[in-house]
Structures are given as C-alpha cells and as structure tokens.
Amino acid sequence: MGSLSSLLEKRWVVVTLWVALAIVLIVAPLVLPEQTNQTITQIGVFAVAVLGLNIVMGYNGQINLGQIFFVGLGAYVAAWGVTQEWNIVLVFILSFLVPGIAGLIVSLAASRLKGLAIAMVTIMLPLVGVPMSKRLEEFTGGSQGIYAGFTTPPEWSGLARDQWQYYVVVSITVVVFILGANFVRGKFGRAIEIVRDNESVASSMGISPYRYKVLAFTVASMFGGVSGFLYLAAISYTSPETMSFVHSIGLIVAMVVGGAASIVGSLLGGAYYVLIPQITNAINPNLTSVFQGIILLLVLFLLPGGLVTLPATIRRLFRKMKTRERGGTSPSKDSTESVTKDSQLKK
Amino acid sequence: MGTFIQLVVDGLALGSIYAALALAIVLVHRATGLINFSQGAMAVLSTYIAYTATKMGIPLVLAIIIAIIFSFLLGAVIERVIMRRFEGGNADTAVVVTIALLTLITGLSGWIWSYNFYPFPSLFAFGTTAETAVDSVTFLGIEFSLKTITILGAVISVKSIMTTLTIVLIMILLQVMFMKTKLGLSLRAVSINPQSSAFSGIPVGRMLMVGWGLAAALGAIAGVLVAPSLQLSPGMMDGALVYALAAIILGGVDSPLGVVIAAWAIGVLENLAAVYVSFIGYDLKIAVPFILILVVLILRPQGISGTKTVERV
C-alpha cells in the first residue's frame with residue numbers, strides 16, 4: 001500500500017495515468033458494442049447531474065430534492081432550441097443559462113429560510129414541474145413529449161450514431177468534471193464548505209452564508225441544465241416523465257451512494273443511477289423503488305460516506321482486526337483520515 | 001356568489017386535510033427536530049390497510065380504526081428501528097433517511113397493491129359503496145354529490161363540512177391531550193429538553209415512539225379522508241405533501257395554529273384560483289402554494305411569522 005501511494009506522488013506517474021485514461025476513453029467506443037456505448041453515455045449524462053447535486057448538497061449542505069427539475073428544464077430548452085434550428089452552441093449555452101436563472105430565483109427565496117426549508121421548497125419543484133410542462137404544450141409537446149435529435153454523426157467522421165453520441169457527451173462530461181473539481185477546490189468551494197459546517201463562523205470570516213448558498217444552488221442548477229442538454233444528446237427525446245419525482249429521489253440516492261462531497265463519488269453516483277435500475281428492472285420492475293429505498297438505508301447505516309469511502313473503510317476494518325490480534329489499540333493516521341471522510345455527510 | 005361560497009367551503013375541507021398532514025409533520029419536528037418526508041407515504045400505506053379491510057367485508061368505520069392503530073404502530077416501529085440511530089446526529093442525514101423511507105414505503109405500496117387507482121368509500125357518503133362513490137366525485141374534492149345542503153343559495157356538500165369538522169375536532173382533542181394529560185406533558189417535556197426529561201424519570205425513547213406513532217395516526221386520518229376524492233394510489237399524497245409543506249413554511253414549523261391557518265388559506269386560494277384564473281385551471285392548482293411561497297419569501301425575507309435567530313458558535 002505504501003509503495004503505491006508514494007508512486008502516485010510522482011508527477012510523471014500521474015500524467016501517464018491520465019493520458020492512459022484519456023486513450024481508453026477515446027478508443028473504447030470504437031471497440032465496444034453499441035449498448036455498452038449507450039450505457040457509458042448515459043452515465044456521463046447523469047454523473048453531471050449528480051455532480052451538480054453534490055455541489056449544493058454534499059459540499060454546501062443544502063438538501064436539494066429538486067435537481068431533476070433543472071435537468072428536465074435544460075432538456076426542454078435544448079429541445080426547443082433544436083426544433084427552432086438555432087445554432088447548437090447557442091442552444092447549449094441557453095440550456096444551462098435558463099435553468100441557472102430558474103435556480104437563482106428559487107434559491108434567492110428559499111435560502112432566506114433556515115434549516116430544512118430548502119428541502120421543503122425543492123421537493124415541490126418536480127411535483128409542480130410535471131403538470132407545468134404538460135400544460136405548456138407549445139414548448140414541451142405536452143404529455144407526448146418532444147423529439148429533437150441533433151447528434152446525427154457528420155459524414156466526415158464515419159462514426160455510428162452511438163459512437164458520435166458517446167464522444168459528444170463524454171467530452172462535455174469530462175470538461176464539466178474538471179470545472180467542477182476546480183470549483184470545489186478553489187476559493188468558492190472552500191467558502192461553501194465553511195457555510196455548510198458553520199454559518200456563524202463563515203459570516204465572522206466575511207463570507208455571507210446567504211450569498212454562497214445562492215451561488216452553490218445556482219451553479220448546481222446550471223450543472224443540472226448541462227445534464228439536461230446531454231440527456232437530449234443521448235436520448236433525442238424528452239417528456240414530463242424526465243423530471244418526475246421518482247427520478248429526483250433517484251438522484252439523491254445516487255449521490256449518497258456514490259459519496260457526498262466527492263468528485264469521484266459523483267461519477268460513481270452517475271454509474272449507480274444508470275446501472276442499478278437496469279439490474280432491478282431485470283429482476284422485477286415493480287420492485288425498483290423498494291430496492292432504491294433499501295439500498296439507500298443500508299448505505300446510510302453501514303457506509304455513510306458512500307462507495308467512495310469503501311476502500312478506506314475496508315482498510316480501517318483490517319487495521320482493527322490486526323490491532324486486536326496484537327492486543328493493542330494504537331490509533332493511526334489512516335483511520336482518523338477515513339473518519340473525517342465519513343463525517344462529511346453528517347456535517 | 002353561490003359558486004364562491006361553495007368553493008370556499010370545499011377549499012376549507014381540502015385545507016383541513018393538508019392541515020392534518022402538516023400537523024403530523026410538525027408533531028415529528030417538535031419531538032425530534034426533523035422533517036419527515038415519508039409522512040405522506042406512511043399515510044397512503046395505512047389507507048391501503050383500511051382499503052384491504054373493507055374488501056374483506058369489515059365495516060368502513062372499523063376498517064379506519066384498524067388503519068389508525070396500524071399506523072400508530074408503524075410510526076413507533078420506524079422511530080425505534082430506523083430513526084433512533086440518526087437522532088441527535090446531523091439533521092441532514094436524518095432527512096435523507098426519511099427520503100429513503102419515502103421511496104421504500106411508496107415502493108412497497110406499489111408492489112403489494114399495484115400502481116392502479118382504486119376507489120375508496122367516503123366516511124360521510126352515507127349508504128354509498130365505493131363503486132357508486134366514484135360517479136359522484138370529480139377532481140380534488142370539487143364534487144357535486146347528492147348529499148348537499150343549500151345555504152343562501154349556495155350548494156355545499158355535506159362531505160366538505162364533515163371533513164372540516166372532523167379535523168377541527170381532532171385538533172381540539174390533540175390540544176387537550178398536549179395541555180391536560182400527563183402523556184401530553186411528558187411529550188412536551190421531551191421535545192423541549194430530552195436530557196432533563198430523562199433525569200426526571202420520563203422514558204424519553206418511549207415518548208419519541210409515541211410522538212411518531214401519533215403523527216402517523218394523524219396522517220392515516222388525512223389519508224382516509226382524502227382517498228375518496230383522489231382515489232387510492234401509491235402517489236396519492238404527493239400533492240398533499242406539497243401543500244402541507246407549503247403550509248409549514250408559510251405558517252412556521254413552530255406554530256401549529258399558524259400551520260393550520262396557512263393550510264386553510266392555501267386550500268381556499270388554490271380552489272378559487274383553479275376556477276377564476278383560467279390559466280391555472282385544475283391541473284396547475286399545485287403551483288399556487290409554490291408561487292405563493294416564492295413571492296412571500298422574496299418580499300418578506302424572514303418568512304411570515306419568522307424572527308431572526310441568534311446562533312452560538
């Protein structure tokens with residue numbers, strides 16, 4: 001273990017690993033079957049949504065039960081832009097600006113309240129959003145939904161549809177994840193984490209809890225919008241069902257299972273969101289939400305830091321067993337490290 | 001004018017149901033300081049129990065009592081087995097646990113009873129069976145049943161009046177219980193200061209179970225009262241949950257009376273908006289409390305009854 005972590009500290013090793021990962025990501029769609037490509041594409045779509053949710057909920061501690069609303073809104077804006085045959089770059093920008101503005105309005109109001117009010121306001125978003133989108137038929141196509149494909153591969157590329165979609169979605173996902181990682185590591189990220197941990201301390205340091213809560217929520221909504229754009233890129237269709245309440249809960253489950261306040265956890269969450277329903281649907285579609293509930297409860301009971309803390313937890317268990325064999329109870333650096341990670345959701 | 005009075009009375013009946021669910025959430029919040037998002041799902045599960053009991057030939061009143069008892073036990077067991085571990089810890093984690101319960105319980109209802117809509121007999125529609133009750137009911141309580149009375153030219157349904165009266169009666173009973181009985185005193189003591197209560201010999205854990213049980217029972221009453229209008233389905237209370245939470249935000253989670261008044265106001269307002277504001281109509285009624293909250297919060301930052309709080313570092 002020790003030799004591995006010292007190896008990872010060398011810069012050239014890290015660079016090589018990243019380059020290798022990039023090559024794998026680029027070559028993969030050319031060799032993988034169509035269905036696998038589509039699955040990876042969808043993981044990219046929802047990893048972005050989970051990353052946004054993680055920024056507002058994991059890093060900033062505001063419980064957001066309505067992230068899917070912004071995904072749905074982004075998808076609708078993108079679909080509307082595509083059917084109007086606007087420039088695709090403009091459509092992309094609008095598809096995260098509009099949800100961003102919606103998120104700004106919601107959080108300007110909701111962040112004024114203390115405690116759990118944000119959860120109570122955001123749980124309404126999908127429940128209001130679904131009948132709303134059914135009503136605004138001329139923009140959304142009503143209950144029927146709206147077809148709008150823009151990911152037909154250009155002729156020069158010689159790619160199949162699924163491969164082109166993969167490249168479009170995965171490249172945007174990678175860029176968004178780099179932006180997200182920089183955001184949470186930088187000045188703003190540290191500020192929103194202090195707001196989560198203690199608002200009074202934050203304000204005494206000159207960080208306005210209100211402003212940073214609004215900022216985190218707005219950024220999360222924009223990530224949701226990007227995810228909606230990617231959703232349309234991958235599926236070419238959206239309907240009120242996209243933003244249904246069940247899916248909103250699904251995103252929360254995915255974030256907690258992946259790991260709160262973790263970039264890698266967001267990616268794992270995206271994978272969970274796409275893969276688990278595929279598995280549970282294969283077993284029994286009627287049991288999907290029962291499984292969701294049980295898995296979430298198990299993770300909260302046994303692994304509160306999510307899948308991303310699994311290696312640390314296992315290492316700690318091993319260490320415990322070893323110290324028990326020796327009969328000693330020497331606390332080690334590693335175990336305290338994983339404890340702090342565990343407590344991140346609790347904060 | 002006749003329509004107006006009718007809408008107001010029906011709105012009050014709807015508001016009463018939201019108030020019951022909201023009070024259940026307030027009850028849990030008082031005892032444990034968290035918002036139970038699965039309150040509506042638990043109410044639906046209890047309503048299914050009542051439904052199954054009536055299908056087995058048990059009279060409706062008895063079936064509802066069975067459902068209320070089941071609900072009380074369900075609430076107490078959930079508190080003891082699942083929530084206890086997360087109480088006293090971080091509120092955000094505990095809330096995510098209630099989200100897990102919401103998914104789990106809704107999923108169980110859907111798995112056992114399917115996602116179809118079932119008609120549910122009304123407690124106040126005398127002599128009607130579930131099958132005939134469907135015909136007399138339209139959407140969300142705006143029904144024109146044969147059982148109506150006419151006051152000042154307004155046709156008012158008996159069901160609406162009875163629903164409102166039932167909920168008011170239950171609220172009075174709860175208030176008496178909290179203020180005049182030893183159990184109520186213990187419950188209040190636990191919610192104000194669990195540690196001191198434990199020192200004075202109050203079984204804190206058992207009181208928390210009772211608090212959750214009472215809340216669940218209250219939710220079950222809301223469930224069986226709303227089921228005849230909405231028809232029974234796993235997602236039946238999703239809308240009611242939105243209204244209940246809106247009432248809590250507007251009324252203040254620490255003020256039961258404020259919550260009830262807010263719930264009535266929402267019930268009446270959404271009913272009027274559905275008829276008089278053509279864009280909203282019946283399908284967008286649910287947006288009314290949401291827009292109300294946004295407007296109020298932007299114009300009045302501290303909330304309607306909110307005060308600025310001081311927190312120690």
*Hey, does region A:166-185 have a residue that's free of Cβ contacts under 8 Å to residues at least 40 places away in the same chain and surrounded by 15 or more Cβ atoms within 10 Å (Cβ to Cβ)?*
no
*asked:* Of the residues B:Gly75, B:Gly57, B:Gly107, only one is on the phi > 0 side of the Ramachandran plot and out of contact with any Lys or Arg (no Cβ under 8 Å at 6 or more places or on another chain); which?
replied: B:Gly57
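Enumerate the helices (runs of 4 or more DSSP H) found wholly within region B:15-117, keeping only those where 1 or more residues are within 14 Å of chain A (Cβ to nearest Cβ), surrounded by fewer than 21 Cβ atoms within 10 Å (Cβ to Cβ) and of a type in the set (A, V, I, L, M).
Helices (runs of 4 or more DSSP H) meeting the threshold: B:60-81, B:91-113.
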_Among residues of region A:111-133, those that are more than 7 Å from every other protein chain (Cβ to nearest Cβ) and part of a helix (DSSP H, G or I), counted_ = 7
*asked:* If I go through region A:71-124 residue by residue, how many of them are within 18 Å of the chain's Cα centre (by Cα) and over 24 Å from A:Ser171 (Cβ atoms)?
replied: 4
*Would region A:186-205 turn up any residue that is part of a helix (DSSP H, G or I) and within 29 Å of A:Ser236 (Cβ to Cβ)?*
no
*Determine whether A:Gly149 is at pLDDT below 85, out of contact with any helix residue (DSSP H, G or I) (no Cβ under 8 Å at 6 or more places or on another chain), away from every other protein chain (no Cβ under 14 Å) and surrounded by fewer than 18 Cβ atoms within 10 Å (Cβ to Cβ).*
no
*Filter pass, A:Ile55 being in contact (Cβ under 8 Å) with a residue 24 or more places away in the chain, closer than 30 Å to A:Val106 by Cα, touching a His at 6+ places or on another chain (Cβ under 7 Å) and surrounded by 24 or more Cβ atoms within 10 Å (Cβ to Cβ)*: no
*Residues within region A:62-100 that are away from chain B (no Cβ under 14 Å) and assigned to a helix (DSSP H, G or I), tallied*: 27
*Confirm whether B:Leu208 is in contact (Cβ under 8 Å) with a residue 60 or more places away in the chain and more than 23 Å from B:Thr98 (Cβ to Cβ).*
no
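So that you can scan it fast, the table gives a plain yes or no per residue for (1) modelled with pLDDT under 85; (2) within 14 Å of chain B (Cβ to nearest Cβ):
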| residue | (1), (2) |
| --- | --- |
| A:Asn286 | yes, yes |
| A:Val290 | no, yes |
| A:Gly293 | no, yes |
| A:Leu297 | no, yes |
| A:Phe301 | no, yes |
| A:Pro304 | yes, yes |
| A:Pro311 | no, no |
| A:Lys320 | yes, no |
| A:Thr323 | yes, no |
*Among the candidates A:Val256, A:Val246, A:Val290, residue that is closer than 22 Å to A:Gly145 by Cβ and part of a helix (DSSP H, G or I)*: A:Val246
*Please work out which residue is modelled with the highest pLDDT, limiting yourself to region B:287-304 and to residues that are at the interface with another protein chain (Cβ under 7 Å from one of its Cβ atoms) and farther than 18 Å from A:Ala102 by Cα.*
B:Pro301
*Output the residues belonging to region A:50-80 that are small (Gly, Ala, Ser) and touching a Leu at 6+ places or on another chain (Cβ under 6 Å).*
A:Gly66, A:Ala75, A:Ala78, A:Ala79
_Residue check for B:Ile202: touching a residue at least 12 places away in the same chain (Cβ under 8 Å) and surrounded by fewer than 19 Cβ atoms within 10 Å (Cβ to Cβ)_ = yes
*Listed residues A:Val264, A:Val253, A:Val226, A:Val274; which is without any contact (Cβ under 8 Å) to a residue 60 or more places away in the chain, among the aliphatic types (A, V, I, L, M) and closer than 13 Å to A:Ala49 by Cβ?*
A:Val253
*Within region B:235-263, how many residues are within 16 Å of A:Leu127 (Cα to Cα) and either facing chain A (nearest Cβ under 9 Å) or touching a strand residue (DSSP E or B) at 6+ places or on another chain (Cβ under 7 Å) (or both)?*
7
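The values are calculated or read from the model by the stated rules, or taken from the named source; none is laboratory data. Because the structure is a prediction, the values reported are computed rather than measured. Cβ coordinates were reconstructed from backbone atoms using ideal geometry, including for glycine residues, and neighbour counts include every protein chain displayed.
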